[in-house]
Amino acid sequence: MAIKARVAAAKDLPSVVETITVSFMDDPVWSWIFPDPSTRADVYRRWWPSFVRGALEHGWVRVTPGCEAVAVWLPPGAAEFTEADEQAFDQLVIECAGPRADLVHEGIALFEANRPSNKPHFYLSLFGTHSDHRGQGLGMALLRENLELIDAEGLPAYLESTNSANLARYRSVGFEKVGEFAMPQGGPVITTMWRAAR
């Protein structure tokens, strides 16, 4: 499937966040982190912009023309958050997670601790397709296009899969499981995956 992928601009932030919000609504890990389904969409819309803004600055948020599918990448050595979002993160956790704030901090620390630090790589921070456009192959077409660009740079790629239903899709484009870790207090398991440089 051929798509006309493009680099997202700052003006695309609301659309990118909306696609991530909708696509992660029932994600096993993130719905465990934010368990109230009646407030989850509103919480997500406050939560995800911090994770997208930093990647936008590096020019590696790749999207389909209308942001139906989005891939939020961080190139090697890139900071995940802008300086302002980094400084505001603790307050964001409190506002979004309330009494679960410590648990969320613990979970985020596990993501960071399990991320490879010894090899330069592209990191797929977030990846999703809006529910209105699922089943058309847009997400995987976008991912394949992104990986061709990364292959051209001769670099590997890394991701965390928070939904085991997606593992076969990631394996189909060359990712292999390298480990896993569980969220605190018996929470769900995250699979870490690596795709070697081509």
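The values are calculated or read from the model by the stated rules, or taken from the named source; none is laboratory data. Everything numeric in this text was worked out from a predicted model, so none of it was measured. In this analysis, Cβ positions are derived from the backbone assuming ideal geometry, glycine residues included, and neighbour counts consider all displayed protein chains.
If the condition is being surrounded by 17 or more Cβ atoms within 10 Å (Cβ to Cβ) and either among the hydrophobic types (A, V, I, L, M, F, W, C) or at positive phi (or both), then region 15-31 contributes Val16, Val17, Ile20, Val22, Phe24, Val29, Trp30.
So for region 83-105 (the condition being of a type in the set (A, V, I, L, M, F, W, C) and closer than 28 Å to Leu149 by Cβ), does at least one residue qualify? Within region 83-105 (the criterion being of a type in the set (A, V, I, L, M, F, W, C) and closer than 28 Å to Leu149 by Cβ), the answer is no, since none of the residues qualifies. Looking at Glu83, Glu112, Glu160, just one residue is touching a residue at least 24 places away in the same chain (Cβ under 8 Å) and of a type in the set (D, E, K, R), and that residue is Glu160. The residues of region 118-136 that are small (Gly, Ala, Ser), under 18 Å from the mean Cα position of the chain (by Cα) and modelled with pLDDT under 95 amount to a single one, Ser131. All conditions in (1) at pLDDT below 95; (2) more than 23 Å from Phe34 (Cα to Cα); (3) touching a Lys or Arg at 6+ places or on another chain (Cβ under 9 Å); (4) buried (at least 17 other Cβ atoms within 10 Å of the Cβ) hold for Asp85, with the sole exception of (2).
Residues in region 143-171 that are more than 15 Å from Val61 (Cα to Cα) and of a type in the set (Gly, Ala, Ser): Ala152, Gly154, Ser161, Ser164, Ala165, Ala168. Taking the criterion of being of a type in the set (Phe, Trp, Tyr) and not in a loop (DSSP other than H, G, I, E, B), the residues of region 1-57 that qualify are Trp30, Trp32, Tyr44, Trp47, Phe51. Can you find, within region 49-68, the residue that is nearest to Leu124 (Cα to Cα) among those that are of a type in the set (Gly, Ala, Ser) and in contact with a Phe, Trp or Tyr (Cβ under 8 Å, 6 or more places away or on another chain)? Step by step, filter region 49-68, then rank; the result is Ala55. Which one is surrounded by the fewest Cβ atoms within 10 Å (Cβ to Cβ), of the residues in region 128-177 that are under 19 Å from Pro76 (Cα atoms) and aliphatic (A, V, I, L, M)? The qualifying residue surrounded by the fewest Cβ atoms within 10 Å (Cβ to Cβ) is Ala152.
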